[in-house]
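Data block below; observations after.
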Amino acid sequence: NLCCRAPIGAERCDEFIDTSFYNDNRFFRVIEGYSAQWSLPNKVYSNIQDDPVVAFNIRGTLSFAMTSQPNSRYTMVFINLGDNEYLDELGFAPFARVISGMGVVDQLYSGYD
């Protein structure tokens, strides 16, 4: 259960879902085989503390995006479209995983320039 392995991130995501924060958000960055990212970057919430990385960023897991600074996660989330385990070393702690519908995620348009 990834929620237990990254409880701070899981709690923050639950808060956003409960308050409808992500309603009407669109995927703004889709990189085939890498990730699909969404949020509204102009909606700012305070940063959240980093969870330790105890799970792998493998296909279908969700992690918060962040900068290179510690505790810089805030609202942007991405779904790993492939196995991106090198993100583990960079501090990206998966907090959830897609349990059904990955086929739909795979069909997201990735032709952005």
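A short reminder: the numbers here are calculations on the coordinates, not readings from a lab. Predicted model only: the values in this text are computed from it and were never measured. Reconstructed Cβ throughout: ideal geometry from the backbone, glycine too, with neighbour counts over all protein chains shown.
Take the conditions (1) out of contact with any Asp or Glu (no Cβ under 9 Å at 6 or more places or on another chain); (2) farther than 19 Å from residue 11 by Cα; residue 110 misses just one of them, which is (1). The set of residues in the range 73-109 being of a type in the set (S, T, N, Q) and under 13 Å from the mean Cα position of the chain (by Cα) consists of 75, 80, 84. Quickly run through the range 62-108 and pick out the residues that are more than 13 Å from residue 33 (Cα to Cα) and touching a Lys or Arg at 6+ places or on another chain (Cβ under 8 Å). 62, 64, 65, 66, 73, 75, 93, 94, 95, listed by residue number.
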